[in-house]
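Here is the structure we will look at, set down as structure tokens.
The values are calculated or read from the model by the stated rules, or taken from the named source; none is laboratory data. Keep in mind it's a predicted model, so treat the numbers as computed, not measured. We place every Cβ from the backbone using ideal geometry, glycine too, and count neighbours over all the protein chains shown. In case anyone asks, the SASA skips ligands and DNA or RNA and just uses the protein heavy atoms, side chains included. Shrake-Rupley method; radii C 1.70, N 1.55, O 1.52, S 1.80 Å.
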Amino acid sequence: MDSVRMPIFDGTSGWNSWKESMAVLLRSKGLTDFIERTYAERMQTDRNWTQMDKDRGDGQVMMYLCLGLAKNILALITGRSAHAAWRTLIDAYDIQDSNVIMNGICNLVNLQMDEDGDDDVRDYISRFDTMMLEINTNDLTVESIFTLIFISGLSSRFHLLVAGYGHVIPRRLKMTEIRTAAHQYADALAA
């Protein structure tokens, strides 16, 4: 077996870049079908596919997943098929809460090249790309981006309001709801 270096995902950060690295690895090994489709789905389109093919492919995918996951995350996927293991990881880590995305957007907005000229544009692009990968853009719409920017600009007096929206799935954030809640919260503070 050739040597493969995978970052270890421990469940705390780096999910999007880890997921992308793992998908590239599995694609390079011809194993993406094992995470994308169930055995039954595969059998509907390829009658020549055998249980032995499934077991071999599942085993290879699970080996790569085990090499790339910390022990605490392995407990989530032990005893599952490759497809079920991948879906379990997606379900557990793919939806980011609004606070994570808001912080990521703020970090991107505040990212600057070094004004002294010590910063190479390639370093800047690399940092930008890394930060961008940490934000799950599948959950973002233009409205949700503007809403997150609006929330991030509220003063500390509105932290309770913001905390109430911190775990809303970002694509469901609506500017009108946030503005209405902000007005109501301001009225309550004034009373």
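Listed values, structure above:
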quantity: Among the candidates Leu148, Leu189, residue that is at pLDDT 60 or above, aliphatic (A, V, I, L, M) and open to solvent by 70 Å² or more (accessible area, probe 1.4 Å); calculated: Leu189
quantity: Scope segment 32-46; condition part of a helix (DSSP H, G or I) and either closer than 21 Å to Phe128 by Cα or among the acidic types (Asp, Glu) (or both); matching residues; calculated: Asp33, Glu36, Glu41
quantity: Pick from segment 66-89, criterion of a type in the set (A, V, I, L, M, F, W, C) and in contact (Cβ under 8 Å) with a residue 60 or more places away in the chain, ranking: nearest to Ala40 (Cα to Cα); calculated: Leu89
quantity: Of the criteria (1) at pLDDT below 90; (2) over 19 Å from the mean Cα position of the chain (by Cα), which one Ile77 fails; calculated: (2)
quantity: Matching residues, segment 61-88, being farther than 15 Å from Leu26 by Cα and hydrophobic (A, V, I, L, M, F, W, C); calculated: Ala70, Ile73, Leu74, Ala75, Leu76, Ile77, Ala84
quantity: Of all residues in segment 14-30 being in a loop (DSSP other than H, G, I, E, B) and over 9 Å from the mean Cα position of the chain (by Cα), the one that is surrounded by the fewest Cβ atoms within 10 Å (Cβ to Cβ); calculated: Gly30
quantity: Filtered residue count, segment 37-65, keeping only those that are touching a residue at least 40 places away in the same chain (Cβ under 8 Å), of a type outside the set (Lys, Arg) and open to solvent by 40 Å² or more (accessible area, probe 1.4 Å); calculated: 2
quantity: Residue in segment 52-69 that is farther than 23 Å from Arg5 by Cα and among the hydrophobic types (A, V, I, L, M, F, W, C) present; calculated: yes
quantity: Meets criteria (more than 30 Å from Phe146 (Cβ to Cβ), among the charged types (D, E, K, R) and at pLDDT below 85) for Asp97; calculated: no
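Residue-by-condition table, conditions (1) at pLDDT 80 or above; (2) within 24 Å of Ile135 (Cα to Cα); (3) touching a strand residue (DSSP E or B) at 6+ places or on another chain (Cβ under 8 Å):
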| residue | (1), (2), (3) |
| --- | --- |
| Pro7 | no, yes, no |
| Trp15 | yes, yes, yes |
| Leu26 | yes, yes, no |
| Gly30 | yes, no, no |
| Asn48 | no, no, no |
| Lys54 | no, no, no |
| Met63 | yes, no, no |
